[in-house]
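Peer 1: One structure, as structure tokens, below. Some questions next.
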Amino acid sequence: MVKLLTQEEGEKAVKLAREAIETYLDERKVLHKRLEGVFAEKRGVFTTLTKHGNLRGCIGFPYPIKRLDEAIIESAIAAAVDDPRFDPVRLSEMDKIIVEVTVLTPPEKIDAKPKDLPQHVEIGRHGLIVKMGPFSGLLLPQVAVEYNMDSEEFLSETCMKAGLPPDCWLTGAEVYRFEGQIFKEKEPRGKIVEVDIKSCSF
């Protein structure tokens, strides 16, 4: 069982993400900071940036290939300047941006017949990865809740995120699920809270 972060650790994670972004935007330097405890463990993580309730950037590491502190720093900077869907964030915007960090459990392949896959996806708990050939796509657990999807819609949207047909989960794609623990600022630079996805309205 993967150890969950405490509230204090969640606060450190979000503050580290913000510090990494602002240091990079201000000085064009990658923050070098080592934290102890859970931050020394390899974890998957995504950093999400929102501005006035709209997505401003989201990038991360699905798999636990880096120390959590390193993964937070790298994903935070990438979310700010490397998300191809958006122009790079400017330092002046950071007063309006809410920083959110989602720490992931290792993805596990769902071993089920394609038609039974929706029964193994719990909305508000699971995020999804779909793989087929060279294509792969990931959606975080909060996406399904935010857009009021059921498990079949969530599977189809993840297929499309991978650039695949929406029914690829029925035609041989590999489907993985994972869970995420979310910490975010209530307002820019404000109080940091853990988000209960199931009871949340994004």
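FYI, it's all coordinate maths here, none of it is from the lab. Everything numeric in this text was worked out from a predicted model, so none of it was measured. Cβ placement follows ideal geometry from the backbone for every residue including glycine, while neighbour counts extend to all protein chains displayed.
Peer 1: When segment 156-168 is examined, which residues are found to be in contact with an Asp or Glu (Cβ under 9 Å, 6 or more places away or on another chain) and not small (Gly, Ala, Ser)? First the steps, then the outcome.
Peer 2: First, the residues of segment 156-168 that are in contact with an Asp or Glu (Cβ under 9 Å, 6 or more places away or on another chain): 156, 159, 166.
Within segment 156-168, 159, 166 meet the criteria.
Peer 1: All but one of (1) touching a strand residue (DSSP E or B) at 6+ places or on another chain (Cβ under 7 Å); (2) under 16 Å from residue 16 (Cα atoms) hold for residue 94, so report the exception by its number.
Peer 2: (1)
Peer 1: Could you check how many residues of segment 20-53 are closer than 20 Å to residue 139 by Cα and either surrounded by fewer than 18 Cβ atoms within 10 Å (Cβ to Cβ) or among the aliphatic types (A, V, I, L, M) (or both)?
Peer 2: Residues that pass the stated criteria total 4.
Peer 1: Would you list the helices (runs of 4 or more DSSP H) that sit entirely within segment 61-178 and hold 2 or more residues that are surrounded by fewer than 16 Cβ atoms within 10 Å (Cβ to Cβ)? Give the steps one after another, and end with the answer.
Peer 2: Numbers: elements: 68-81, 141-146, 151-161.
Filter on segment 61-178 gives 151-161.
Peer 1: Working only within segment 115-154, note down all residues that are among the aromatic types (Phe, Trp, Tyr) and more than 21 Å from residue 183 (Cα to Cα).
Peer 2: 135, 154 - these are the residues of segment 115-154 that are among the aromatic types (Phe, Trp, Tyr) and more than 21 Å from residue 183 (Cα to Cα).
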